[in-house]
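A.B. asks: Take this structure first; my questions come after.
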Amino acid sequence: MAKQKFYVVWEGHTPGIYDTWEACKRQVDGFQQAKYKSFESRAEAEKAIKSKYWDYIKKSAGTAPTTKAPASSIVRDSIATDAACSGNPGDMEYQGVHIATGKLIFHMGPLPEGTNNIGEFLAIVHALAWLKQQGRPDMPIYTDSRNAMLWIKAKTCRTKLERTKRNVPIFELIDRAEKWLAVNKVTNPIIKWETKTWGEIPADFGRK
């Protein structure tokens, strides 16, 4: 039988001490730059939560402990999003895949004179809109793009790409996406896909 661990969440939806990974995960999923760590005993956890996260990490011996969630924590009933771009700018496309089944849920493009960041942003908004239509306000969305997550939080596509006659369709999608974000509350957790730990995101185009 596995030894029980205790999880300290310094920064998350509700900071505190949790006695299961599932309970901890609910507090950190979709929370930008969540700070949390597991401990072998409640006494250690209670001591740690009284300190600042970075102060505690600095006091740790050897290498800094990882806060990356294990692959077993991936929510299978979720959507993975990704984008691909041939050049910068170049032909851009994006898609969403249901992780549990591998089913392609949506695909857009290729469209000329786009960027990968734009595609990542549009893919998340497309997933959000699709899930709202399906009545799934709690289904997680995974992305491997921190920039896209920040843009979603800002409700704005902060691209520096200039509009041209060729990329009008892309900017029309951006305008639609920003309008959707302006009038809809984002309730689905948007979670960073940890490529180094979990491998390529299931929606990856496989062109690396």
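A.B. asks: Would you say C157 is outside any loop (DSSP other than H, G, I, E, B) and either at pLDDT 95 or above or buried (at least 22 other Cβ atoms within 10 Å of the Cβ) (or both)?
C.D. replies: Criteria not met by C157.
A.B. asks: Of all residues in the stretch 175-191, which are buried (at least 19 other Cβ atoms within 10 Å of the Cβ) and either touching a Leu at 6+ places or on another chain (Cβ under 7 Å) or of a type in the set (K, R) (or both)?
C.D. replies: If the condition is that a residue be buried (at least 19 other Cβ atoms within 10 Å of the Cβ) and either touching a Leu at 6+ places or on another chain (Cβ under 7 Å) or of a type in the set (K, R) (or both), then A177, N188 are the ones that fit.
A.B. asks: Follow-up question, since we're still on this one. Using beta carbons and a limit of 8 Å, which pairs, at least six apart or on different chains, have the first residue in the stretch 139-167 and free of Cβ contacts under 8 Å to residues at least 60 places away in the same chain and the second one assigned to a loop (DSSP other than H, G, I, E, B) and surrounded by 15 or more Cβ atoms within 10 Å (Cβ to Cβ)?
C.D. replies: Within 8 Å, the pairs are W151/C157; I152/V186; T159/T115.
A.B. asks: Yes or no: P202 surrounded by 11 or more Cβ atoms within 10 Å (Cβ to Cβ) and part of a loop (DSSP other than H, G, I, E, B)?
C.D. replies: In short, yes.
A.B. asks: Could you count how many residues in the stretch 110-136 are part of a strand (DSSP E or B) and buried (at least 20 other Cβ atoms within 10 Å of the Cβ)?
C.D. replies: Result for the stretch 110-136: 3.
A.B. asks: A further question on this structure: If you scan the stretch 73-92, which residues turn out to be among the acidic types (D, E), in contact (Cβ under 8 Å) with a residue 24 or more places away in the chain and open to solvent by 40 Å² or more (accessible area, probe 1.4 Å)?
C.D. replies: Passing the criteria: only D77.
A.B. asks: Related question: Which of (1) open to solvent by less than 60 Å² (accessible area, probe 1.4 Å); (2) in a loop (DSSP other than H, G, I, E, B) does M149 not meet, given it meets every other one?
C.D. replies: Only one criterion in (1) open to solvent by less than 60 Å² (accessible area, probe 1.4 Å); (2) in a loop (DSSP other than H, G, I, E, B) is unmet by M149, namely (2).
A.B. asks: A further question on this structure: Filter the stretch 11-29 down to residues that are closer than 17 Å to E46 by Cα and touching a Ser or Thr at 6+ places or on another chain (Cβ under 9 Å) and give me whichever is surrounded by the fewest Cβ atoms within 10 Å (Cβ to Cβ).
C.D. replies: Here is the first cut: in the stretch 11-29, the ones closer than 17 Å to E46 by Cα are 11-12, 14-21, 23-24.
Subsequent filtering for residues that are touching a Ser or Thr at 6+ places or on another chain (Cβ under 9 Å) retains 21, 24.
Numbers: W21: 15, C24: 25.
Among them, the one singled out is W21.
A.B. asks: Looking only at the stretch 26-35, count every residue that is outside any loop (DSSP other than H, G, I, E, B), at pLDDT below 80 and not β-branched (V, I, T) and tell me the total. Walk me through it before giving the result.
C.D. replies: To start, the set of residues in the stretch 26-35 that are outside any loop (DSSP other than H, G, I, E, B) comprises 26-28, 35.
Then keep just the ones that are at pLDDT below 80; that gives 28, 35.
Now drop any that are not not β-branched (V, I, T), which leaves 35.
Here the count works out to 1.
A.B. asks: Would you point out which residue out of A100, A123, A129 is small (G, A, S), at pLDDT 95 or above and farther than 15 Å from D204 by Cβ? Steps first, answer last, please.
C.D. replies: Values: A100 fails: at pLDDT 95 or above; A123 fails: farther than 15 Å from D204 by Cβ.
Of the residues listed, the single one that is small (G, A, S), at pLDDT 95 or above and farther than 15 Å from D204 by Cβ is A129.
The values are calculated or read from the model by the stated rules, or taken from the named source; none is laboratory data. Please read these numbers as outputs of a predicted model, since none were measured by experiment. Quick reminder, even Gly has a Cβ in these numbers, built from the backbone with ideal geometry, and neighbours come from all protein chains shown. Only protein heavy atoms, including side chains, enter the accessible area calculation; ligands, DNA and RNA are left aside. Shrake-Rupley method; radii C 1.70, N 1.55, O 1.52, S 1.80 Å.
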